[in-house]
Amino acid sequence: MSDFNKDFLFGVATASYQVEGAYNEDGRSMSIWDTFCRQDGKVYNGHNGDVACDHYHLYKDDVKMMKDLGIEAYRFSIAWPRIFPEKGHYNSKGIDFYKRLTDELLKNDIKPFVTIYHWDLPQWADDLGGWLNREVVDWFGEYASKLFNELGGYIKNWITLNEPWCSSFLSYFIGEHAPGHKDLGEAVLVSHNLLLAHGKAVEIFRHINSSDSKIGITLNLNEVFPATDSPEDKAAAQIADGFQNRWFLDPIFKGEYPKDMLELFGKYAKTDFITDDDLKQISQKLDFLGVNYYTRAVVKKGNDGILNAEQIDVDNEKTEMGWEVYPESLYNILMRLKNEYTFDLPLYITENGAAYKDVVSDDGHVHDEKRIEFLKKHFKQVKRFIDDGGNLKGYFVWSLMDNFEWAHGYSKRFGIVYVDYETEKRILKDSALWYKNLISTRTI
Ligand code: LGS
């Protein structure tokens, strides 16, 4: 008996800005990440995505590599500034790249899963207020409908947004991601506009795409633990859960924002722009939910004056990012979704993986034992969820290959394939060969 049935999809994931390069080719305009990378001190060593993994030119080799590994699905994202380099100005050359890529994938029997927005907002949109300007919802709708019309015949699985928590709170409140603002009020507004844009795309999708096509959203979800049993730490954990999980899950699946968070944010930010119609738009029926999982959070009462919750360092095994390895939370998150939010709705793990200090050994190989152990442990939790009745359809490793890790530049390697950035040569890590074996035997 194998661990995973033949219908379970084994995939890998990437995102446009992190792998494509070709930043000024075929009519692509600048994105907020091109701009952010060019600002002092925002990204490790001033790295940027100008060339990245040059996936834009090497996509055929990359698809062949996936095929050789037996990969069954490829999650990639589309660069909005390639499709609409200026407001209202459609660039067919931009979409041609994704047609070539999709064609190559389908020829090789690899299912494309497309993320419409993985953080590379066109700079022109940001110049007009970006995610702070509610008109962005219409711009996003125009962009999404172009994609559905041009690619919907070939691409059957669509993800509206990747991790809206990151494009709102991490980008507009914590300031670590583009455009690097630090204002809670802005972040709350942005989170709402992102969710509205998601809803708009779903609405348009139902008019354009055939009934065998599916649409969902990808959220980054964390299980939050209080550092101690004290009422203060428990309250902090409740807030952290509201901030990272419920603020997105509740409107999408219950049609309302969590009351405790509305009250808390309401002390510092406006929330009166939220209407009942908005919540209807946001909570439309989805075909699946994508979950990105990396680590858990342990929090204690903090003193930042707003959330008053502080993540603490736990003495446990960590990845190169400093993130605790905690596979059980993957199971717990999936179970919570099934019990409280999604019930029988299909779920996908749209990202899971780890960065380690990978080096090419004298024998020319990359022996990334730790990554193999990490993946194995997480796959065991995935299997446990399925065995317990969970409707989990597939799993995408983050990432196919090392790439531009946002504020960390190229200093962190998440790939199961090593990229030599001097030559753009790809070297399969041991984890890639392990994954190949997992896919063919369907046994951990
Ligand atoms: O490359 C990104 C990966 C890597 O780790 C990808 O583009 C994103 O979609 C995703 O956010 N990614 C990611 N997330 C892990 C976030 C864990 C944060 C834990 C912080 C603990 C202190």
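Every number in this text was worked out from the coordinates using simple rules, so none of it is lab data. Computed from a predicted structure; not experimentally measured. Cβ atoms come from the backbone with ideal geometry, glycine included; neighbour counts cover every protein chain shown.
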**Message:** Students often forget the sequence filter, so: which aspartates and glutamates lie under 15 Å Cα-Cα from Lys357 once same-chain residues fewer than 8 apart are removed?
**Reply:** Glu317, Glu320, Asp368, Glu369, Glu373, Asp402, Glu405, Asp420, Asp430
**Fill in**
Placing +1 on each Lys and Arg Cβ and -1 on each Asp and Glu Cβ in the stretch 227-303, then taking the dipole about the Cα centre, the residue among Leu279, Val291, Thr228 whose Cα reaches farthest towards the positive end is Thr228
**Asked** R0 = 35 Å: FRET efficiency of Lys259 with Asp138, Cβ-based, nearest 0.05?
**Response** 0.70
**Complete:** Computed for the stretch 117-186: size of charge dipole around the Cα centre, +1 on C-beta of each Lys and Arg, -1 on C-beta of each Asp and Glu, debye to nearest 20, value 240
**Computed lengthening from Lys156 to Glu340, 0.36 nm per intervening residue step minus Cα-Cα distance** = 63.5 nm
**Message:** Quick check for you: which residues of the stretch 299-318 have the amide N under 12 Å from the point 7 Å beyond the Cα of Thr228 toward its beta carbon?
**Reply:** 300-301
**Request:** Please label the shape of the stretch 286-329 as rounded, prolate or oblate, based on the square roots a ≥ b ≥ c of the eigenvalues of the alpha-carbon gyration tensor (a/c under 1.5 means rounded; beyond that, a/b larger than b/c means prolate, else oblate).
**Result:** oblate
**Complete:** The simple spin-label model distance between Lys99 and Asp61, using points 7 Å out along Cα→Cβ, in nm, is 2.6
**Request:** Arrange the peptides 274-280, 408-414, 247-253 so that the one whose residues have, on average, the most other Cβ atoms within 10 Å appears first.
**Result:** 247-253, 408-414, 274-280
**Item:** Estimated [θ] at 222 nm from DSSP helical runs (n ≥ 4, -39500 (n - 2.57)) normalised by residues in the chain, nearest 500
**Value:** -11000 deg cm²/dmol
**Asked** Using a Förster distance of 60 Å, how high is the FRET efficiency between Val314 and Lys87, based on the Cβ-Cβ distance and rounded to 0.05?
**Response** 0.80
**Message:** Checking the cross-link filter: which aspartates and glutamates have an alpha carbon closer than 13 Å to that of Lys87, excluding same-chain neighbours under 8 positions apart?
**Reply:** Asp126, Asp127, Glu135, Asp138, Glu142
**Prompt:** So how far apart, in nm, are the two label points at Asn332 and Asp183 if each is 7 Å from Cα heading toward Cβ?
**Reply:** 3.7
**Asked** Any idea which of Gly41, Ala354, Phe343 is furthest toward the positive side of the dipole for the chain, if Lys and Arg beta-carbons carry +1 and Asp and Glu beta-carbons -1?
**Response** Phe343
**For the chain, average projected area of the Cα convex hull in nm²** = 20.3
**Asked** Of Thr218, Phe205, Val137, which is farthest on the positive side of the dipole of the stretch 96-231, counting Cα position, with +1 on Lys and Arg Cβ, -1 on Asp and Glu Cβ, and the Cα centre as origin?
**Response** Phe205
**Prompt:** If you take the square roots of the eigenvalues of the alpha-carbon gyration tensor of the stretch 231-353 and sort them as a ≥ b ≥ c, do you get rounded (a/c under 1.5), prolate (a/b over b/c) or oblate?
**Reply:** oblate
**Request:** Mind ranking 86-96, 49-59 by how tightly packed they are, going by the mean number of other C-beta atoms within 10 angstrom, highest first?
**Result:** 49-59, 86-96
**Prompt:** Taking a threshold of 32 Å on the Cα-Cα distance, which of the pairs Lys214/Lys234; Lys64/Lys285; Lys156/Lys300; Lys254/Lys383 fall above it?
**Reply:** Lys214/Lys234; Lys64/Lys285; Lys156/Lys300
**Volume in Å³ per residue [convex hull over Cα atoms, computed for the stretch 294-422]** = 145
**Asked** By average Cβ neighbour count within 10 Å, what is the ranking of 396-407, 30-41 from highest down?
**Response** 396-407, 30-41
